[in-house]
Amino acid sequence: MPGETQEAREQRRLRSHADKVGYRLSGRYGSARTSTDTEGRPGLMARSGRFRFDGGAATYVGTAVLGALVTIFTFGICYPFAMVLRERWRAKHSYIDGYRLVFTGSATGLFGNWLKWLFLSIITIGIYLFWVAPRIAAWKWEHTDFERGQTPLPLTHVPAAAVLVPGAPLALQIPTQAAPPTVLP
């Protein structure tokens, strides 16, 4: 459009592309807004558009209820199965830079440690749980990865990406396609 700034053209192009693939640029799927919204109203929090979550209440509640039932009916012994169920749901609905996350952990891989931690928590009257929580969090992150072979979703806002080169000053480049940050050797 005549008299339109480069930023406005880019926003219009992104909105057009997002409408074609079924994603809106505001609300549930992230936002292209900065410190003001598209109508110029101040006071909205800036969003990078790099992180996205598309889970819904119905599937969350279903997953949570199933996990709770498994945990309750087995007196906590099968909690790893409930945790893996919940983490797979969370990862399935999470995106970073347009790439979906995937949870690769299995309940059987955690089950032996869980029995040991449960036993130690019982005999220490719950005090050992202070050590269990960080270990479980570390295990969850060790088994969370990007889904391989998936085309990334379009980003709502693509800021300059930093390329880290050891021993060299920080170089900036504008990525042509969303990709995880790269560290060059």
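Every read-out reported here was derived from the displayed coordinates using simple, explicitly stated rules and does not represent laboratory data. Please read all numbers here as calculations on a predicted model, not as lab measurements. Methodologically, a virtual Cβ is constructed for each residue, glycine included, from the backbone with ideal geometry; neighbour enumeration extends over all protein chains shown.
How much net charge surrounds VAL70 when only the other residues with a Cβ under 15 Å from the Cβ of VAL70 are counted, with Lys and Arg +1 and Asp and Glu -1?
Here the count lands on +1.
How big, in percent, is the set of alpha carbon pairs in segment 57-146 lying more than 20 Å apart?
40 percent
Taking the Cα-to-Cβ direction at ILE96 and at SER48 and moving 7 Å from each Cα, how far apart do the two end points lie in nm?
A separation of 1.0 nm, rounded to one decimal place.
Between ALA58 and ILE123, what is 0.36 nm times their sequence separation minus the Cα-Cα distance? Round to one decimal in nm.
Full extension from ALA58 to ILE123 adds 19.6 nm.
So, in nm, how far is label LEU66 from label ARG135 when the simple model puts each one 7 Å beyond its Cα toward the Cβ?
Label at LEU66, label at ARG135, 2.8 nm between them.
Modelled label-to-label distance, GLN150 and SER106, 7 Å Cα→beta-carbon offset: nm?
2.1 nm
When Lys and Arg each count +1 and Asp and Glu each count -1, what net charge do the other residues less than 13 Å away from ALA107, Cβ to Cβ, add up to?
Within the 13 Å Cβ shell, the charges total +2.
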